[in-house]
Amino acid sequence: MARKNWLFVLMAALIAATLVAGCTAPPAQQAQQPAKKKKIGFSVFDMQYGFFQDMEKGTKEAAQAAGYDYVLVDEKSSESTMVSATQDLINQGIDALIISPFSPPAMGPIVDAAKKKGIPVVVNDIGGGGTAYDVIVISNNAEGGVMAADHLDKLIKGTGNTSKKVASITCDPQHVYAWRRNVSFEKRIKELGYEVVASLNGKSQQELGYSLMKDVLSAHPDVAGVFSCNDPMAVGAAQAIADSGKSGVKDIPVVGFNADEIALKAIKEGSMAATVQQVPYEMGKMTVDLATKLMNGEKLKYDDDKEREIWVPVKLITPENVDTLLKTQ
Amino acid sequence: MTTATDTAGQRRPRTRDWALMWEKYGISAVLVVSWILAALLVPNFATLANLQNVLRTASFVGVAAVGMTIAIISGTFDLSVGSTLALAAIAAVWTGSQFGVIASILAGLIVGVAVGIINGLLVAKVRIPAFIATLGMMFVVSGFTLIVTGGNPFAYNAPSFIWMGNGDLLGLPVPFIIFLICALVGEGVLRRTVFGRQVFAIGSNAAAAKIAGVPVQRMTGLVFVVVGIFTGIAAILVAARLYSARPGLEPGFELRVIAAVVLGGTRLQGGRGGMLGTVAAAILFATLGNVLNLLHADAFWQKVVEGLVLLVALSIEGIRQRVEERMSRQMHEVKEGG
Amino acid sequence: MAGARETAGRLWRSYSVAVVVLALGIILSLLTPSFLMAGNLMNVLTNAAVIAIVGLGMTLAIASGNFDLSVGATAAFSACIAFTLVPVAGVPVAIIGGLITGAIIGLINGLIITQLRVNAFIATLGVQSVVRGLTLVYTNGRDMYLQGYPGYKVLSGGHILGIPMPVILALGLAAILGLMLNQTRFGRHILAVGSNTKTARLSGVAVDRVLIGVFAIVGVSAAMSGQIYSAQVVTASARIAVGLELSAIAVVVVGGTPLSGGRASLIGTLLGALLIAMINNGLNLLNVPVLYQQITIGLLLLITLAIGAERKHQALGRERRAA
């Protein structure tokens, strides 16, 4: 049949193309001048989020300041894109790979491919998936959850509310590291004598933060405080509280996570109580620094030797110190 | 179907030759041209490693698209392939880590077939429209996956397993070879078997097919099983590629699969189509993503470009139709006038 | 006796969604006392209303034999445009500007589908990608936060006679579209095109113009839903309303409008939205573990439709035998 013949022809053409390509020496790998600029590749989770935009900015500026060539790919919240796009980076002859992986478990092929070429792998946040990366820079999410719980306890006592009920809006359980925030929050807040009356998944969607909070207010009108896994949902929850006539600071304090721009604005205007700040920009800089050390063959000092983790402290942001952050935005 | 001369004995307009050529080979031609242009203009494109990456990436959507092509030709489609992919991939990974590679392959296929059977029953026996049945199954299967996994990912990295997704054979990526084999099998089924002929018949006119004795109900059910088989194969390949699987794997997979089939020239209404276009379209999508990355295109503009490319590629068919209509109208006027 | 059974069957087909809504309401109020509280019912109605608005537009699209997968992207983009206009031109102008944006995107959809002859499913898929991308470019990936313009919140938090604004907007839109479908030529043409495009064209219906109009209406309804979402959270970004298209199609289908086109049940869509909102609300009130929520919705969707389809099948069989 004619069409099958064409299928064969197409196959043959593609085989021929790959063979021909294989015979031509890939120029990117060969040094053209004696002092070749080193190239750093950064594979980012998803540039749609302020958190990762800040991380990317920090990475890019540090790489350029160090005199490296810098290439970026966006995983666009898809693991197949993560794998194929990061492979694109490797194929362009990078000397070090920095990655904030959308799906840590799927990092296997990436790390294998990088190792085959002797490219050091620095992971920025999210997780390492149990693979053989060289180092992972990770926000102390668990500490952040505890911080939020302690602060929420303080805020609730400040409102004079005697209710011991709190709500916890979570991220998707598949985002294992972010999930840790609520797990540690809920553990700590229970230690402080509170009851977690609702633990609901907002899937990181702002509209869900709003509608979930409304449902919580219906089911538990005496809820005293809320912790949200990230800021977009926290802002949504704060608005839900405002729409029911109460304040997200004075009546039912809302604590978020990330220190995104909208949360900072919400804290400043008094609709939300606090957030836990991660420092993606600094983390980006740190990873470039670590990449440099690895490219020079230095040995790294870890906070956790077994998992090769380097922890980044988180900071509580309240109306008192929010201005310092807003100025740098 | 097409005769050299029409009923009045006059030569058919030349556009109809081109129209058929375009429908069958258009996307393949676009693919070849785009590769040549990319090789010349895009740095690092024409390297072995890069081309292997492109072909490899194309294979996962591609294998599933083989099954979907058959479904669409028969006049239906399946929105649950994405969630089925995740479940089958998880089944493959978990089973593999317990019982080895052969078991992992069986597990992936069995899950794909099982979901296909359920879809087939819902559509053929219970008579729920395919869109709804498979949409509902999409939720049910992904919900089921969440429950049995507790939301956790699974990993399996035995060398023989991951080779299926990451290895190369004679310079070609293994998943791509499997993709081509699936496409050839699919094409053979479509053109050389009774099943294939009946698929086309049902897609063109289900009522007429029924009168002609085609067991429409049974066939519709079988089509979903076929989709399930190819989805299962795709799932095994994806899991092998990623050394892992998780619930919610590959969001939007089903839409990408349908887009590949339609871009390849198979009409959504059914009754016409083929595998060559599907293969070319799958590779074309992968090429587009790759080229945009190599050109360091801004991530936000990449979304815009990908959508525009889809629209432009599909408009060509529509514009061609309008041109043909205008020309045949002119011909009729000439006939009547003369 | 047979007549009574047939009537019962026909009544079931028409009102099955309402019956399910009622049954679910009773079950939920028995399971948790919070359900029947005024505040909670208002929430359910509001959530239902927001998705119902875009669902109403989608009903028209489906009745005309098409789909619109770009409503989520349209909702996000329109909200961003509205946010840009508020500080510059005031809230009312901004809202209208957002709606016009939706209409324009809808027009573009309609043009691509009718003039370039691209199938609606794929065309709107492509437009969705383009519009989301443009929204990202426009906002530079940042979220837009509206401060100092409480007037905008009237979309989500306003009340008239105690009824939340989104509910009023939904009912109003349903009334307008209902009148249009039943009383105007345009409305009749939409249904004709959905039943059989070829026949409609032969009978002189300006199919292209009808479809462009339909998609413009869908665009406006999507913009309205998007603006309500953005008013709720006082934020607009390219990331809002992801997945809106599937929810919209789901409420239309659950509501009973056939996917084959030719008929439209606006009331069905309203009830379908109410049903799904009730399910989500019930799951949240009962603190059902996250992992079980998705499968519940899927199963309910299938069961509702299986019952509907089975009844139809039986009824058709009875009619054929009676003939």
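Laboratory data are not the source of any read-out in this text; all were calculated from the coordinates shown. Quantities reported herein were computed from a predicted structural model and do not represent experimental measurements. Quick reminder, even Gly has a Cβ in these numbers, built from the backbone with ideal geometry, and neighbours come from all protein chains shown.
Charging the Cβ of each Asp and Glu at -1 and of each Lys and Arg at +1, and nothing else, the dipole of chain A about its Cα centre rounds to 600 debye.
Evaluate Rg over Rh across the stretch C:65-211, taking Cα atoms for both radii and Kirkwood's formula for Rh.
Rg/Rh for the stretch C:65-211 comes to 1.03.
Go ahead and estimate [θ] at 222 nm for the protein assembly as shown from helices alone: -39,500 (n - 2.57) per DSSP H run with n ≥ 4, summed, over the residue count, rounded to 500. Don't skip to the end; give the middle numbers.
Working: 37 runs with 659 residues, N = 990.
Value at 222 nm, helices only, nearest 500: -22500 deg cm²/dmol.
Taking 23 Å as the straight-line reach from the Cα of A:LYS299, the lysines in range (excluding those fewer than 8 positions away in the same chain) are A:LYS37, A:LYS38, A:LYS39, A:LYS115, A:LYS116, A:LYS117, A:LYS285. Counting charges near B:GLU306 (Lys, Arg +1; Asp, Glu -1) among other residues having Cβ under 12 Å from its Cβ returns a value of +4. Note on chain C: with charges restricted to the Cβ of Lys and Arg (+1) and Asp and Glu (-1), its dipole about the Cα centre is near 860 debye. Here the extension length gained between C:SER260 and C:LEU31 equals 78.7 nm, from 0.36 nm per residue of separation less the Cα-Cα distance. Other residues within the sphere of radius under 14 Å centred on the Cβ of B:PRO43, judged by their own Cβ, net out at -1 (K and R +1, D and E -1).
The fraction of all Cα pairs in chain A landing in successive 10 Å bins from 0 to the largest distance is 6, 24, 27, 20, 12, 7, 4, 1, 0, given as whole percents. Look at where the Cα atoms of the stretch A:175-228 and of the stretch C:217-256 average out, and the two centres are 25 Å apart. Between the stretch B:145-204 and the stretch A:260-329, the C-alpha centres lie 43 angstrom from each other. A:PRO313 sits among other residues whose Cβ lies under 11 Å from its own Cβ, and their net charge, with Lys and Arg +1 and Asp and Glu -1, is -2.
For the stretch A:254-329, applying the loop criterion from DSSP together with a ceiling of 14 other beta carbons within 10 Å to the trypsin sites (Lys or Arg not before Pro) yields A:LYS299, A:LYS301, A:LYS306.
Amide H contacts for A:VAL312 (H built 1.01 Å from N in the peptide plane; partners 5 or more residues away or on another chain; cut-off under 5 Å): A:ILE138, A:SER139, A:ASN140. For chain C, hydrophobic long helices are taken as DSSP H runs at least 18 Å long by C-alpha position along their axis with mean Kyte-Doolittle hydropathy of 1.6 or more; these are C:38-63, C:71-89, C:91-115, C:165-183, C:266-285. Applying Stokes-Einstein at 37 °C and 0.692 mPa s to the Kirkwood radius of chain B, computed over alpha-carbon pairs, gives a translational diffusion coefficient of 155 µm² s⁻¹. Cross-link partners for B:LYS210 among the lysines, with Cα-Cα distance under 17 Å and sequence neighbours closer than 8 places in the same chain left out: B:LYS125. Residue by residue, the stretch B:272-278 carries 3J(HN,Hα) couplings of 9, x, x, 7, 4, x, 4 Hz when phi is fed to the Karplus relation 6.51 cos²θ - 1.76 cosθ + 1.60 (θ = phi - 60°); x denotes Gly or Pro. At R0 = 60 Å, how high is the FRET efficiency between A:LYS299 and A:GLU269 if r is their beta carbon distance? Nearest 0.05 is fine. The formula returns an efficiency of 0.80 here. The H on the amide N of A:ALA273, modeled in the peptide plane, is under 5 Å from the matching H of A:VAL254, each at least 5 residues off or on a different chain.
Note on A:215-227: average number of Cβ atoms from other chains within 10 Å of each residue's Cβ is 4. Sequence-distant contacts, meaning Cα pairs under 8 Å at least 6 residues apart, place the relative contact order of chain C at 34 percent. Past the 36 angstrom mark, what percentage of all C-alpha to C-alpha distances in the stretch C:20-316 do you count? Roughly 16 percent, once rounded to a whole number. Taking every residue in C:133-140 and counting other chain Cβ atoms within 10 Å of its Cβ, the average works out to 5. Using +1 at the Cβ of each Lys and Arg and -1 at the Cβ of each Asp and Glu in the protein assembly as shown, identify which of C:ASN119, B:GLN330, B:VAL81 lies farthest towards the dipole's positive end. Highest projection toward the positive end goes to B:GLN330.
Here the simple spin-label model places points 7 Å from the Cα toward Cβ, and for A:SER77 and B:LEU169 these points are separated by 3.7 nm. Considering only beta bridges that DSSP places wholly inside chain A, some 10 percent are antiparallel. Between A:VAL226, A:VAL196, A:VAL255, the GNM of chain A built on Cα springs shorter than 10 angstrom shows A:VAL196 fluctuating the most.
Would any residue of the stretch A:135-175 have its amide N under 13 Å from a label point 7 Å out along Cα→Cβ of A:ASP222? List them or say none. Within reach of a label on A:ASP222, which here means backbone N under 13 Å from a point 7 Å along Cα→Cβ, the stretch A:135-175 contributes A:161-166.
Derived scalar couplings between HN and Hα for the stretch B:150-161 equal x, x, 8, x, 10, 10, 7, 10, 4, x, 5, 6 Hz in order, rounded to whole Hz, by the Karplus curve 6.51 cos²θ - 1.76 cosθ + 1.60 (θ = phi - 60°), x for Gly and Pro. Here the calculated FRET efficiency for C:THR199 and B:LEU41, from their Cβ-Cβ distance with R0 = 45 Å, stands at 0.35, rounded to the nearest 0.05.
Across peptide B:153-165, the mean count of Cβ atoms from other chains lying within 10 Å of each residue's own Cβ comes to 2.
Ignoring lysines fewer than eight residues from A:LYS250 along the same chain, the ones with Cα atoms less than 20 angstrom from its Cα are A:LYS154, A:LYS157, A:LYS164, A:LYS165, A:LYS214, A:LYS265, A:LYS268. Take every Cα pair under 8 Å whose residues are at least 6 apart in sequence, average their separation, divide by the length of the stretch A:142-272, and the relative contact order is 27 percent. Enter the Cα centre distance for the pair the stretch B:85-144 and the stretch B:42-82, rounded to the nearest angstrom. Taking the Cα centre of each part, the stretch B:85-144 and the stretch B:42-82 sit 19 Å apart. In a reduced charge model with +1 at each Lys and Arg Cβ and -1 at each Asp and Glu Cβ, the stretch C:1-144 shows a dipole moment near 220 debye about its Cα centre.
Once C-alpha pairs closer than 8 Å and six or more residues apart are averaged by separation and normalised to the residue number of chain A, the relative contact order reads 17 percent.
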